[in-house]
Amino acid sequence: MNGRLICLCFVLVLAALGSSKADCDTIEWLSSESESLERRILLSDQASQTIELSYFQIRDDNTTGQVLAALVRAASRGIEVRVLVDGHPRSNSLPKALMDYLIEQGIAIRERPVDVRYQLELGRPRMHEKLFIVDGLYLLMGGRNLEEDFFGIGHRLYMDHDVLAVGDVASTARTYFDSRWSECNVGQPMLIGNEAKKSEAKHVHPQWRCMPRDQAKAEIAEWLHECESAPLAACDLRSRLEHEPQEVGCIRFLHDCVGGSKLDPGAISSQIAELISKARCSIDIATPYFAVSYKMRTLITQAADRGVAIRLLTNSLESTDQILVHAAFANERRWLLRNNVRIFEYRGERTLHSKLIRIDDRITIIGSHNLDFLSERKNLEVAIVTDDLDFAHFSKSVYDREVRASTEVERGSLLRYEARESNAAPEEFRKFRRLRMAAPFVQRYL
């Protein structure tokens, strides 16, 4: 309880800073799973007007249950609560009975539809955003989905980050959310009929679909009440890096254009590419998936030719959750090393999910955008970019910590390194070798 009170004090300090600033927003790095979940709950409890959530994946586990319980409390106080989720059955994994209950409690839920007429999942455009906006003043965002796997207690543990920004940048994010919410193809999810098979497979509470709806809602109310009083449904995967809220001179919210093209100059991929093209000293990249387009290859090659020191941190075969994407990346290793890009692969059973770019030890980009074809050409993405030396210095400590937990792939020992990839499970290694041959033909869909 004391920890929650301390965090609440931090939030109130941020509010004071945000309301009194002249031209500076404040930002804080949330470096641990428990801190990220706790802030979502506390921000919901102190909301005075609105709460908006936009997520790629959401599920009926205990972590999400604690957030949903806080949203129900907020709605009961008259707070306007809106939840927007990607409409793919494996993304919106909330049972129909749970969504029905939440809507009854005053929480508006909408899906952004996905074309699922075809079985092939490759290249399917998705809403890949992760946004948590309170009162148009607080913006909590990063790479975490609203599932327990991203908070240290799930079946597959994802290593990720969030930031909490306070000020005008949150107002910009809310305006963007309003535009997405009002798109003509966005609508309330279907609350009757059978559950989609892909959604059903991820349900933590499958019994709710077999009950009369009123009985299911009664159990849901009891479950949310239990979530309220339960210990925090998160476990820190690494030690917390303390970071006080700080003012930053320049902070922008990057997003894709509503109603526009992913290739528009104002789209997020174009803006990130422009920032990379201006790098003069260094580029640090952390991405779980690296399968880049010809345009990004050109930008990296040109940066290397300018003498820019480039580091790339991504998953190893052991840690990745997407073997096909890793196979495509493995085919790029020689090209990267020839261009003097230092490659670090995260090791172990946990999966790196960070999306972080640092440029010239001054610019920091964090959000949902991976360095792959889907983020660049298909998916809706969001990010925060700051131009601030102090914040960049802290983001370097975050990046360096993950590098220390990784293995560097070096040009002179590449053959031996690729042989050691057989440290992965034999079945996965055989699959990986087959996919390396297929990857060039499907890379544009990854």
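Residues in the range 134-172 that are of a type in the set (Asp, Glu) and part of a loop (DSSP other than H, G, I, E, B): Asp135, Glu147, Asp160. Note on the range 150-170: residues that are acidic (Asp, Glu) and farther than 23 Å from Leu237 by Cβ total 1.
Pairs meeting the criteria (first residue in the range 150-179 and within 17 Å of Val398 (Cα to Cα), second residue acidic (Asp, Glu) and part of a strand (DSSP E or B), beta carbons under 8 Å, at least 6 apart or on different chains) are Val163/Glu28; Leu164/Glu28.
For the range 358-395, what are the residues that are within 21 Å of Phe56 (Cα to Cα), part of a helix (DSSP H, G or I) and not acidic (Asp, Glu)? Residues satisfying the conditions are Phe373, Leu374, Ser375, Arg377, Lys378. Check whether at least one residue in the range 314-328 is under 20 Å from the mean Cα position of the chain (by Cα), assigned to a strand (DSSP E or B) and either over 19 Å from Pro440 (Cβ atoms) or not acidic (Asp, Glu) (or both), and report yes or no. Yes: the range 314-328 contains one or more residues that are under 20 Å from the mean Cα position of the chain (by Cα), assigned to a strand (DSSP E or B) and either over 19 Å from Pro440 (Cβ atoms) or not acidic (Asp, Glu) (or both).
Test of understanding: among His225, His203, which residue is more than 18 Å from Val114 (Cα to Cα), buried (at least 16 other Cβ atoms within 10 Å of the Cβ) and not assigned by TED's automatic domain parsing to the domain that holds Ser354? Exactly one of His225, His203 is more than 18 Å from Val114 (Cα to Cα), buried (at least 16 other Cβ atoms within 10 Å of the Cβ) and not assigned by TED's automatic domain parsing to the domain that holds Ser354, namely His203. Only residues that are among the acidic types (Asp, Glu) and part of a strand (DSSP E or B) were counted across the range 332-357, and they come to 1. Return yes or no: is Asp160 under 25 Å from Ser375 (Cβ atoms), among the acidic types (Asp, Glu) and either out of contact with any Cys (no Cβ under 9 Å at 6 or more places or on another chain) or surrounded by fewer than 23 Cβ atoms within 10 Å (Cβ to Cβ) (or both)? Yes: the conditions hold for Asp160. Screening Thr386, Thr351 for residues that are surrounded by fewer than 22 Cβ atoms within 10 Å (Cβ to Cβ), of a type in the set (Val, Ile, Thr) and assigned by TED's automatic domain parsing to the domain that holds Gly266 leaves exactly one candidate, Thr351.
Answer yes or no as to whether Pro265 is outside the structural domain of Lys130 (by TED's automatic domain parsing), touching a residue at least 60 places away in the same chain (Cβ under 8 Å) and not small (Gly, Ala, Ser). The answer is no for Pro265. Could you go through the range 40-47 and let me know if any residue there is under 19 Å from the mean Cα position of the chain (by Cα), over 15 Å from Ala234 (Cβ atoms) and β-branched (Val, Ile, Thr). So far as the range 40-47 goes, no, none of its residues is under 19 Å from the mean Cα position of the chain (by Cα), over 15 Å from Ala234 (Cβ atoms) and β-branched (Val, Ile, Thr). Only residues that are in a loop (DSSP other than H, G, I, E, B) and touching a Gly at 6+ places or on another chain (Cβ under 9 Å) were counted in the range 215-237, giving 7.
When each of Ile323, Ile300, Ile268, Ile283 is tested for being under 18 Å from Lys396 (Cβ atoms) and in contact with a helix residue (DSSP H, G or I) (Cβ under 9 Å, 6 or more places away or on another chain), the lone residue that passes is Ile283. With the structure loaded, tell me whether Val403 is at pLDDT 85 or above and touching a Gly at 6+ places or on another chain (Cβ under 6 Å) or whether it fails that test. Judged against the criteria, Val403 is not a match. Pairs meeting the criteria (first residue in the range 88-107 and at positive phi, second residue surrounded by fewer than 22 Cβ atoms within 10 Å (Cβ to Cβ), beta carbons under 6 Å, at least 6 apart or on different chains) are Gly106/Ala75.
The values are calculated or read from the model by the stated rules, or taken from the named source; none is laboratory data. Note that the structure is a prediction, hence the values are computed from the model and not measured. Backbone-built Cβ (ideal geometry, glycine too); neighbour counts: all protein chains shown.
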